[in-house]
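Q: Have a look at this one before I ask anything.
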Amino acid sequence: MTYSQRLVNLLLGLAPVALALMLSTLVLIAAGAPPLEAYKHLLQGASESPAKIADVLVVWVPLALCSAGLLFTFTAGLWNIGVEGQIIFGVIFATWVARNLYLPATLLIPLMIVGGMIGGALWGLLAGTLKVYGGVHEIFAGLGLNFIAITTNIWLIAKPWRPDLGATMQGTDPFPAAAWLPRLAGLRLSPVSLLLATMALVVVFFILRGTLWGLQLKAIGKNARSAYLLGIATNRHVLLSFALCGALAGVAGVVQVSGVWGRNIPQISGGIGYLSLLVAMLSGFRALGVAPVALFFAALGVGAARLHLRMQLDPSLAGVLGAGLVLSVLLVAGLRTRLLISREG
Amino acid sequence: MKVELRGIKKCFGSVRANDGVSLTVEAGSIQGLLGENGAGKTTLMKVLSGFVSPEGGRILLDGKEALFSSPAQAIEKGIGMLHQDPLDFPPLKVLDNFLFGRDSGFLLKRALARKELLELSERFGFTLDPEAYVNTLTVGERQQLEIVRLLSLGVEVLIFDEPTTGISTPQKATLFATLRRLAKEEGKSVIFVSHKLEEVLELCSGVTVLRRGKVAGEIAMPCTSEELVRLMFGQVITTHVAEEVSLGEPVLELRVWGVHTYRLDLSPVSLQVRAGEVIGLAGLEGSGQRLLLRACAGLIKPSRGSLFLRGEDMSGKSYQKFLDAGVAYLPAGRLEEGLIPGLNLAEHFVLARREKAPFFINWALARGDAGRKIEEFNIIGSPSTLVEGLSGGNQQRALLALLPDSLRLLLLEHPTRGLDVESALWVWDRLLERREEGTAILFTSTDLDEILERSDRISVFSGGKMLEILDASQTDVEQLGYLIGGNRG
């Protein structure tokens, strides 16, 4: 690569960031806030104290888990929109384990994790089955199943798992102490969840990069027809990628109930499933990219709370900023391909 | 309209597809553009028709410099191209396709367009039904549709890129008559792109030969095919003669075996193919040959009868089981149903391995294996070359290289489609090696000479029926053409 080519690549890499900053500055000005001050608060809000950094990691963990899972389905060329529902079924299975098995933490927590993985995997598998055998496009299967999962969880919380005192829709009773993930002293962060997310990213990285199964998945994603003719069992691989993605989303669900909230609540998935789609896209569908991109989104979310406190700006502004960045990246990538095509014909 | 291309330059990466190519076509003439695969013919024509912007050179139309950056602009200037694969919309009706590209305001003027379509097709003796769906038409009819569409847009220059690929002998005759008429009577300039010598000799009034992106020579007709071959390849090639191979045990046996799809029924067939035997399947596109191949590969379930592979009944077995039994199928769409664009050669070889592979891929080993295969099969590329970057001939070599070592039955669709003489010979040399190892081969081709030359037996298809199984040495092009047209012996 020549020096000028490198420079062009670097500029193209920075272009989306610059574009996103420009967009969000415009939004901030339109909202009547001094942009520089807002950025300062965002940055400080996410990093000024160990507690804040821990909070960022608390958000990072489920994002990283779900995005890692999504790398399987994206590699196979699938749009698994159903991550949200897969998180919730992980939550439902883990909640059942926490409420029904009276075991010490050393047994209960692994069982909850396994239960969550099974719940998420089954829900993912359902979307996959609908696609492979029912001819339902995975986007619609995922969307439909998300609604069913959310409604099921609300019903469970409102009926069978209703707290004894009063029937508010706030959530279940807090889990027994043995079902809580251990936390770092004074922080909301659990080292176990951090370990789980990191492990997931490492395993996904090696599976997609170095294994025959990863390569077969890639082949299916690029051309399922040719892959089938080459003798790859495409249906089985597609189902497995859904199950694995669901399992990791299920783990994210377990982390949410047993590490963050300590009980099951209706809005337990909190849009993480959708946000992780953006994370996976922005990372270029690479495990190495997921960690920093998820960190960025987590920081944006945590920092935005302070934007609200100090500048009376709605925290949903964080969503606007994040989405602006995703759109900018996709736009620059799109323009780049167009540029290359018009150059090469 | 007189067309002049002067010093056209176009590179794709490090490949110089066109390196200062000049070409002149007079109004009312048919100019041949001849060259082997990858010589730069299609690129040059894409430049002329606005699909590709050149990096250098000029285009003159009737002496005036013309610039255009899209096919729409080129059509506006009077240049239309018929692509090798028809660029139409198969799920739509003929009339809808005819309407594309017209700037006729917001509402479609169907009645007017229908009248124009019928008039134009009558003028050329075409029988196009405006209400027929394009996916029910033959390739030849789709070409006719594209011709009348371009003419209705006021095109003065018509480019035909390998138009005889995939059409039958009678359709070819109609096409050639049309081309002559376009030039002689309508005064259009026609550019005929081909790698088939005899077609160029038959049709064109002048030929420009391209070799490796440059003009190798220009000849006015008449000339000899030897002259053209020398210009194309720089040498004269002689064709090999098929050797006698002793046939072995029956490999494939079909017993009153039929296939049913919503589009076409293949009437019950009984056929026995022995090890080392080569059977050519002749017929118009869509007459059932492809259906037979796909069903023999286990990709389509037969509707009746049974299929035996070396005595084993394969009814109800999956495609995987067919693969395990030593069956391989090579479809015509190399990048659609064969190779995986976006993956490189080394990755393809890893994926194609049939034996049990370890969970983790040893990439150093895989690249070494790929390197050996690439050398053995004479592929121009490296283990890290993406397959879409290979030329058509090299893609075909790669597909052959991906086949398992020992095969019982090899099913090929148009094994040499779009290949130049040299590559086609090479492909057949590899296939004949297989045959000597006892592989039975079934193949389709639109080239009757190829079928006659390469097959032991020939089966002729017409409208979903396998008409006859002929001994290749006892028949000729005339008889085959007659049968293909649906007339018995």
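The values are calculated or read from the model by the stated rules, or taken from the named source; none is laboratory data. Remember, it's a predicted structure, so these values are computed and weren't measured experimentally. We place every Cβ from the backbone using ideal geometry, glycine too, and count neighbours over all the protein chains shown. When the accessible area is computed, the model is the full protein with side chains, heavy atoms only, and any ligands, DNA or RNA have been set aside. Shrake-Rupley method; radii C 1.70, N 1.55, O 1.52, S 1.80 Å.
Yes or no, residue by residue, for (1) in contact with a Ser or Thr (Cβ under 7 Å, 6 or more places away or on another chain); (2) assigned to a loop (DSSP other than H, G, I, E, B); (3) at pLDDT 85 or above:
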site	(1), (2), (3)
B:Lys10	yes, no, yes
B:Thr24	no, no, yes
B:Glu36	no, yes, no
B:Thr43	no, no, yes
B:Lys46	no, no, yes
B:Arg58	no, no, yes
B:Asn97	no, no, no
B:Phe106	no, yes, no
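Q: Identify the residue in segment A:185-213 that is assigned to a helix (DSSP H, G or I) and either polar (S, T, N, Q) or under 21 Å from B:Glu336 (Cα atoms) (or both) and, among all such residues, is farthest from the other protein chains (Cβ to nearest Cβ).
A: A:Ser193
Q: So, in segment B:199-208, of the ones that are outside any helix (DSSP H, G or I) and of a type outside the set (Val, Ile, Thr), which residue ends up most open to solvent (accessible area, probe 1.4 Å)?
A: Filtering segment B:199-208 for residues that are outside any helix (DSSP H, G or I) and of a type outside the set (Val, Ile, Thr), the one most open to solvent (accessible area, probe 1.4 Å) comes out as B:Ser205.
Q: Continuing with the same structure: When segment B:419-443 is examined, which residues are found to be part of a loop (DSSP other than H, G, I, E, B) and either closer than 14 Å to B:Ile380 by Cα or in contact with an Asp or Glu (Cβ under 7 Å, 6 or more places away or on another chain) (or both)?
A: Residue satisfying the conditions is B:Asp420 alone.
Q: If the requirement is being part of a helix (DSSP H, G or I) and either away from chain A (no Cβ under 12 Å) or open to solvent by 30 Å² or more (accessible area, probe 1.4 Å) (or both), which of these qualifies: B:Glu375, B:Glu347, B:Glu355?
A: B:Glu375
Q: I would also like to ask the following. Does any residue of segment B:101-110 turn out to be touching an Asp or Glu at 6+ places or on another chain (Cβ under 8 Å) and open to solvent by less than 70 Å² (accessible area, probe 1.4 Å)?
A: Looking for residues that are touching an Asp or Glu at 6+ places or on another chain (Cβ under 8 Å) and open to solvent by less than 70 Å² (accessible area, probe 1.4 Å), one finds none in segment B:101-110, hence no.
Q: Looking only at residues in segment B:310-335 that are of a type in the set (D, E, K, R) and more than 21 Å from A:Arg236 (Cα to Cα), which one is surrounded by the most Cβ atoms within 10 Å (Cβ to Cβ)?
A: Residue satisfying both the conditions and the ranking: B:Arg334.
Q: Separate question: Hey, among the residues in segment B:54-80 that are touching a helix residue (DSSP H, G or I) at 6+ places or on another chain (Cβ under 7 Å) and within 14 Å of chain A (Cβ to nearest Cβ), which one's least open to solvent (accessible area, probe 1.4 Å)?
A: Filtering first and then ranking leaves B:Phe68.
Q: Can you work out which of the residues in segment A:219-232 that are open to solvent by 20 Å² or more (accessible area, probe 1.4 Å) and more than 7 Å from chain B (Cβ to nearest Cβ) is nearest to A:Trp123 (Cα to Cα)?
A: The extreme case among them is A:Gly221.
Q: Considering only residues that are out of contact with any helix residue (DSSP H, G or I) (no Cβ under 7 Å at 6 or more places or on another chain) and among the small types (Gly, Ala, Ser), look in segment A:235-270 and name the one that is least open to solvent (accessible area, probe 1.4 Å).
A: The residue in question is A:Gly262.
Q: Only residues that are assigned to a helix (DSSP H, G or I) and of a type in the set (A, V, I, L, M, F, W, C): list them for segment A:214-242, please.
A: A:Leu215, A:Leu217, A:Ala219, A:Ile220, A:Ala224, A:Ala227, A:Leu229, A:Val238, A:Leu239, A:Leu240, A:Phe242
Q: Let me ask you something else. Does B:Lys188 satisfy the criteria of being touching a residue at least 60 places away in the same chain (Cβ under 8 Å), closer than 21 Å to B:Arg6 by Cβ and either basic (Lys, Arg) or open to solvent by 10 Å² or more (accessible area, probe 1.4 Å) (or both)?
A: no
Q: Being in contact (Cβ under 8 Å) with a residue 12 or more places away in the chain, at the interface with chain A (Cβ under 9 Å from one of its Cβ atoms) and out of contact with any Lys or Arg (no Cβ under 6 Å at 6 or more places or on another chain) narrows it down to one residue among B:Ala275, B:Ala297, B:Ala325; which is it?
A: When all the criteria are applied, what remains is B:Ala297.
Q: For segment B:255-309, how many residues meet the condition of being open to solvent by 10 Å² or more (accessible area, probe 1.4 Å), β-branched (Val, Ile, Thr) and modelled with pLDDT of 85 or more?
A: Number of matching residues: 1.
Q: Inside segment B:389-404, can you point out the residues that are outside any helix (DSSP H, G or I) and within 17 Å of the chain's Cα centre (by Cα)?
A: Correct list: B:Leu390, B:Ser391.
Q: If I ask for residues that are small (Gly, Ala, Ser) and in a loop (DSSP other than H, G, I, E, B), which ones from segment B:183-198 would you list?
A: B:Gly187
Q: In segment B:448-476, which residues are among the acidic types (Asp, Glu), closer than 17 Å to B:Leu411 by Cα and assigned to a loop (DSSP other than H, G, I, E, B)?
A: Of everything in segment B:448-476, just one residue is among the acidic types (Asp, Glu), closer than 17 Å to B:Leu411 by Cα and assigned to a loop (DSSP other than H, G, I, E, B), namely B:Asp456.
Q: Here's something else I'd like to know. What number of residues within segment B:311-334 satisfy the criterion of being closer than 14 Å to B:Leu410 by Cα and of a type outside the set (Phe, Trp, Tyr)?
A: So the answer is 9.
Q: Assuming B:Gly392 fulfils every condition listed in (1) within 30 Å of B:Glu277 (Cα to Cα); (2) away from chain A (no Cβ under 12 Å); (3) open to solvent by 20 Å² or more (accessible area, probe 1.4 Å); (4) without any contact (Cβ under 8 Å) to a residue 60 or more places away in the chain apart from one, which condition is it?
A: (4)
Q: While we're looking at this one, here's another question. How many residues does segment A:47-78 contain that are assigned to a loop (DSSP other than H, G, I, E, B) and in contact with a Leu (Cβ under 8 Å, 6 or more places away or on another chain)?
A: 1
Q: Looking only at segment B:1-48, which residues are within 14 Å of chain A (Cβ to nearest Cβ), in contact with a strand residue (DSSP E or B) (Cβ under 7 Å, 6 or more places away or on another chain) and surrounded by 22 or more Cβ atoms within 10 Å (Cβ to Cβ)?
A: B:Ile8, B:Lys10, B:Ala17, B:Asn18, B:Gly40, B:Thr42, B:Thr43, B:Leu44, B:Met45, B:Val47, B:Leu48
Q: I would also like to ask the following. So which residues in segment B:453-474 are of a type outside the set (Lys, Arg) and buried (at least 19 other Cβ atoms within 10 Å of the Cβ), if there are any at all?
A: B:Ser455, B:Asp456, B:Ile458, B:Ser459, B:Val460, B:Phe461, B:Ser462, B:Gly464, B:Met466, B:Leu467, B:Leu470, B:Ala472
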